[in-house]
1. Name every residue in region 93-106 that is of a type in the set (D, E, K, R) and farther than 20 Å from ALA119 by Cα, in order of residue number.
2. Would you pick out the residues in region 28-46 that are over 24 Å from ALA121 (Cβ atoms) and either surrounded by 15 or more Cβ atoms within 10 Å (Cβ to Cβ) or touching a His at 6+ places or on another chain (Cβ under 7 Å) (or both)?
3. With (1) surrounded by fewer than 18 Cβ atoms within 10 Å (Cβ to Cβ); (2) farther than 23 Å from GLU10 by Cβ as the list, and ASP103 as the residue in question, which single condition is left unmet?
4. In region 79-98, is there at least one residue being in contact (Cβ under 8 Å) with a residue 24 or more places away in the chain and under 17 Å from the mean Cα position of the chain (by Cα)?
5. Given region 1-61, what helices (runs of 4 or more DSSP H) lie entirely inside it while holding 3 or more residues that are over 13 Å from the mean Cα position of the chain (by Cα) and at pLDDT below 95?
6. Select, from GLU110, GLU88, GLU136, the only residue that is farther than 20 Å from LYS60 by Cα and surrounded by 12 or more Cβ atoms within 10 Å (Cβ to Cβ).
7. Does MET75 count as among the aliphatic types (A, V, I, L, M) and not in a helix (DSSP H, G or I)?
Amino acid sequence: MDGIANFLFEVGMLSKTPRSGYQFLGSGKESVAEHVLRTIFVGYALCKMDSELDEFRVLKMCALHDLPEARTGDMNYVNKKYVSVDEEKAVRELTADIPFGEDIKAFIDEFNRKETKEAQAVRDADQIALILQLKEYGDLGNKYSEEWISYALQRLSTQCGKELARKIVQTDSSNWWFKEKNDWWINGNSK
């Protein structure tokens with residue numbers, strides 16, 4: 001039980017670990033945990049778009065894919081040019097004292113190998129979560145987000161991921177709540 005308790009405390013570090021790329025974008029912030037949550041929902045949507053995906057495996061991989069960052073931190077593309085992270089060591093040590101450690105390790109390894117259709121879908125979900133964040137910042141005026149989105153789009157590999165990302169880029173990020181521009185916004189009256 002000690003290992004499980006420690007593991008659950010470690011998972012909590014993801015909410016305290018910032019995604020580091022936003023310092024280069026010039027606006028925005030997000031924790032690794034916030035990113036993981038959105039990735040899970042994107043993965044869920046991709047599974048509903050492609051019935052051949054194993055939904056349980058996709059969702060589990062989405063939840064676990066950035067777990068090593070509780071130990072390594074989030075390394076953005078600039079950091080990765082100069083700093084090497086021993087993710088294998090982080091995974092090995094974080095899974096060593098829990099009875100389900102091999103299960104976690106297997107899913108992280110599958111994600112990193114990029115070979116299965118589920119791993120490819122999760123990699124797309126990871127990038128689409130970033131695209132969503134960048135689109136929101138672009139809609140609020142960040143002039144660099146569009147260029148960043150163009151690179152993220154090139155990292156997508158599944159047809160469903162590409163289709164979903166295209167639609168996201170074309171959609172105003174406030175449309176889901178501000179699409180009905182009617183009397184309610186003036187008087188607070190619902191119809």
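1. Scanning region 93-106 gives GLU93, ASP97.
2. Result: GLY28, single match.
3. The one condition ASP103 does not meet is (2).
4. Scanning region 79-98 turns up no residue that is in contact (Cβ under 8 Å) with a residue 24 or more places away in the chain and under 17 Å from the mean Cα position of the chain (by Cα).
5. 2-12, 22-25
6. Selected residue: GLU136, the only one of GLU110, GLU88, GLU136 that is farther than 20 Å from LYS60 by Cα and surrounded by 12 or more Cβ atoms within 10 Å (Cβ to Cβ).
7. Yes.
Conditions tested, residue by residue: (1) within 24 Å of GLY26 (Cα to Cα); (2) without any contact (Cβ under 8 Å) to a residue 24 or more places away in the chain; (3) in contact with a Gly (Cβ under 8 Å, 6 or more places away or on another chain).
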site: LYS143; (1), (2), (3): yes, yes, no
site: TRP148; (1), (2), (3): yes, no, no
site: TYR151; (1), (2), (3): yes, yes, no
site: GLU163; (1), (2), (3): no, no, no
site: ILE168; (1), (2), (3): yes, no, no
site: SER174; (1), (2), (3): yes, no, no
site: ILE186; (1), (2), (3): no, yes, no
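The values are calculated or read from the model by the stated rules, or taken from the named source; none is laboratory data. Bear in mind the structure is a predicted one, so any value in this text is a computation, not a measurement. Because the Cβ atoms are built from the backbone with ideal geometry, glycine has one as well, and the counts that use them run over all protein chains shown.
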